[in-house]
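Asks: Shown below is the structure under consideration.
The values are calculated or read from the model by the stated rules, or taken from the named source; none is laboratory data. Please read all numbers here as calculations on a predicted model, not as lab measurements. Heads up, the Cβs are rebuilt from the backbone with ideal geometry, glycines too, and the neighbour counts pull from every protein chain shown. Each accessible area value is taken on the protein alone, full model and side chains, heavy atoms only, with ligands, DNA and RNA left out. Shrake-Rupley method; radii C 1.70, N 1.55, O 1.52, S 1.80 Å.
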Amino acid sequence: MALSTYGLKRQKKIAEWETRLRLLHEKYPRLQEIDTLFSQFALELALLEMGKGKLGMGREELTKAQEALAWEKKKLLREYNLPDNIYEIWWDCPACQDTGYVELGKKCQCLLREEASRRWQVSGLSPVQVNQTFANFSLQWYEDAEHYKGILEKALNFAEKISCRQPAGNLLLYGAVGTGKTHLCSAIANYALQAGVGVVYMKVGRLLDLLREHKFKLDKNDLYTGQGLESLYRVELLIMDDLGAENLTDFAREQLLLLLDERINHNLSWVISSNLSPNDIGAIYEDRISDRIMGTAEVLKFTGDSIRIRKMVKQKASP
Ligand SMILES: [Zn+2]
């Protein structure tokens, strides 16, 4: 994907450069003469090396003539208000000349940046979530700050292991609405994405819609790209937000169980966030689902009331 994009970009840049030089020569014929003469003299110098000179000029004379041409060209460029790099190919990235590689097998910064931006694109994080990190997860809103410090440490530990491709297990974050679960999910996702890990974040409701669409759609090809089905099963880290908010049907239960089993069997981690307690999950979903979750996940309990409400109260109270 990246390579073909780069190949196309290079072709375009080279075509643009050729057109630019042609137009330049049409507009300023003297520049064309200079360029032609310069090339002739360069060729003659090479022929002289082999004892086959044709113009009857010596080495020194040729070199001097070339210097004079270069000087005149520089003067003309200034006179015509043309930039010094008018003769160069205008690469987007001069470091790799838009190849994406600085040397064999070594990716350029521009390609690394593009790959990162693509990872974020397919991750499904909203623009707000992209800015939710461990660094800006503020403890000041929590009554039980010590408890949340512990949660933060465990979540960071999980994100670090995922980023080093070590077995990290799974996480269940549960607690009341507005206690910061989604922020922490985003922080884990952003941390892993930064490290080059593939992440998909999805609300459980959307995830089940996708599975349903897949089941009833004959043309399945479009589901196997981007945020499609394949990525749910195979992405390195799957974050399922808001378990319990979806329409619960037998189909949903069955699909969720399949997905969890498949990921557990392939040692692929997931994070689930829910307003439901583990007991509720057991009661609402079937036991097999809560067994899979409780049997493989570390449980982080988000205590207290909604910090969203507390923030609003504080804003209203202050002048
Ligand atoms: Zn580059």
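Asks: Using a probe of 1.4 angstrom, how much of the accessible area of the range 120-313 is carbon and sulfur, in percent?
Replies: C and S fraction of accessible area: 51 percent.
Asks: Right, something else. Carbon and sulfur together cover what percent of the accessible area of the range 2-101 at a 1.4 Å probe radius?
Replies: 58 percent
Asks: With a cap of 16 neighbouring Cβ atoms within 10 Å, and only residues DSSP puts in a loop, list the trypsin sites (Lys or Arg not before Pro) found in the range 151-205.
Replies: Listed in order of number, the matching sites are 165.
Asks: If you plug each phi of the range 93-99 into the Karplus form 6.51 cos²θ - 1.76 cosθ + 1.60 with θ = phi - 60°, what whole-Hz ³J(HN,Hα) values come out, in order, with x for Gly and Pro?
Replies: 10, x, 4, 10, 6, 6, 8
Asks: Quick check: Cα centre of the range 150-173 to Cα centre of the range 71-93, how many Å?
Replies: Value for the Cα centre distance between the two parts: 54 Å.
Asks: Something else: Please list, in chain and number order, the residues 5+ apart from residue 300 or on another chain whose amide H is under 5 Å from its amide H, with Hs placed from the backbone.
Replies: Those qualifying (amide H under 5 Å, at least 5 residues apart or on another chain) are 172, 173, 174.
Asks: Among 53, 105, 198, which one shows the biggest mean-square fluctuation in a GNM of the chain, springs joining Cα atoms closer than 10 Å?
Replies: 53
Asks: Using a 7 Å offset from the Cα along the Cα-to-Cβ direction at both residue 71 and residue 213, what is the distance between the two label points in nm, to one decimal?
Replies: It is 7.0 nm.
Asks: Could you go through the range 148-159 in sequence order and give the Karplus-derived ³J(HN,Hα) for each residue, using 6.51 cos²θ - 1.76 cosθ + 1.60 with θ = phi - 60°, rounded to whole Hz, and x for Gly and Pro?
Replies: Karplus values, whole Hz, x for Gly and Pro: 6, 4, x, 4, 4, 4, 5, 5, 5, 4, 4, 4.
Asks: Using a 1.4 angstrom probe with every protein chain in place, what is the largest-first accessible-area order of 25, 147?
Replies: The ranking, largest first, comes out as 147, 25.
Asks: Here's a follow-up. Which aspartates and glutamates, if any, have their Cα less than 16 Å from the Cα of residue 73, not counting same-chain residues under 8 positions apart?
Replies: 26, 33, 35, 84, 88
Asks: Related question: May I ask you to give the solvent-accessible area per residue for the chain, in square angstrom, as obtained with a 1.4 angstrom probe?
Replies: 58 Å²
Asks: Here's a follow-up. Run the helix sum for the chain: -39,500 (n - 2.57) per DSSP H stretch of 4+ residues, divided by residue count, reported at 222 nm to the nearest 500 deg cm²/dmol.
Replies: Computed mean residue ellipticity for the chain: -18500 deg cm²/dmol.
Asks: List the residues, sorted by chain then number, that are 5 or more residues from residue 134 or on another chain and whose placed amide H is less than 5 Å from its amide H.
Replies: Amide H neighbours of residue 134: none.
Asks: Let me ask you something else. Could you give the length gained on full extension between residue 143 and residue 40, defined as 0.36 nm per residue of separation minus the Cα-Cα distance, in nm?
Replies: 28.9 nm
Asks: What are the GluC sites (Glu not before Pro) within the range 8-92 that DSSP puts in a loop, where the Cβ has at most 12 other Cβ atoms within 10 Å?
Replies: 88
Asks: Just flag the GluC sites (Glu not before Pro) in the range 110-190 sitting in loop per DSSP whose Cβ has no more than 16 other Cβ atoms within 10 Å.
Replies: Taking the range 110-190 and a limit of 16 other Cβ atoms within 10 Å, the loop GluC sites (Glu not before Pro) found are 143.
Asks: Bin width 10 Å, origin at 0, all Cα-Cα pairs of the chain: what percent of pairs per bin?
Replies: Over the chain, the share of Cα pairs per 10 Å bin runs 5, 19, 21, 16, 10, 9, 9, 8, 3, 0 percent.
Asks: Can you give the extra length, in nm with one decimal, that the chain gains between residue 80 and residue 13 once fully stretched, where that is 0.36 nm per residue apart less the Cα-Cα distance?
Replies: 21.8 nm
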